[in-house]
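The values are calculated or read from the model by the stated rules, or taken from the named source; none is laboratory data. Owing to the predicted nature of the structure, the values given are computational and were not obtained by experimental measurement. In this analysis, Cβ positions are derived from the backbone assuming ideal geometry, glycine residues included, and neighbour counts consider all displayed protein chains.
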Amino acid sequence: MFGIYLKRELSRRKKAALVIAMGLALGIALVITVNSVSAGMQQAQDKVLKSLYGLGTDMTVTKAQAAPSSNSSGRPKFDFNAKSSSSTKQSSDRVMTQGGQSLASSLVTKVSAQKGVASAVGALSLNVTKVDGSFTQGTAKSSTSSGSSGSSQQGGPGGRQGGGSTGAPQVQGGGASFDVNSYSVAGVDVTNQDL
């Protein structure tokens, strides 16, 4: 009875039944397609990123920078030696650890021996400030002024003649021109190829 009733209703509304059937088929096909594409992309991603698993979850061991003493200013200082030549080029490098103090190499072994640590390797991160300069010495010259003072008297003991006087020496020329270059240096111990 139910089959006969369903058959009659479908025969009366063929167009509506066809639209509903096509809508259901299209929805089911879209669900199957999306699930298939998602599964394929997940498998491809796992295959490509398999060699990268574990990266980015490493732990870095550092030591805080020591506070500057009362005698030190804590600012960078560059020393240049005095040269006797008239023009010379000098350079000075200041190398500092980045973010903390340097650690002993034996600490790598201690860290690798800790529970839950698979392996450990040493790394180095430095800040380098390089100053290159050309320094030219000045020339010291004395200034001489001439003139006459008083009057000369012949035959008298008080006769005076004008003469020149030498003033304080003056430095002429000379100067300095230098460039400051700052860059970072980073490195990892490559003896352990497993990391």
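Things to note:
- When segment 124-147 is limited to residues that are touching a Pro at 6+ places or on another chain (Cβ under 7 Å) and among the polar types (S, T, N, Q), the one that is modelled with the lowest pLDDT turns out to be 142.
- Considering each residue of segment 148-157 in turn, none proves to be at pLDDT below 80, surrounded by 10 or more Cβ atoms within 10 Å (Cβ to Cβ) and in a strand (DSSP E or B).
- Those residues of segment 49-63 which are among the β-branched types (Val, Ile, Thr) and at pLDDT 70 or above, in sequence order: 60, 61, 62
- Inside segment 89-112, residues that are in contact with a Lys or Arg (Cβ under 6 Å, 6 or more places away or on another chain), small (Gly, Ala, Ser) and at pLDDT 80 or above make up a count of 0.
- Scope segment 94-111; condition part of a helix (DSSP H, G or I) and either of a type outside the set (Gly, Ala, Ser) or within 11 Å of residue 124 (Cα to Cα) (or both); matching residues: 107, 108, 109, 110, 111
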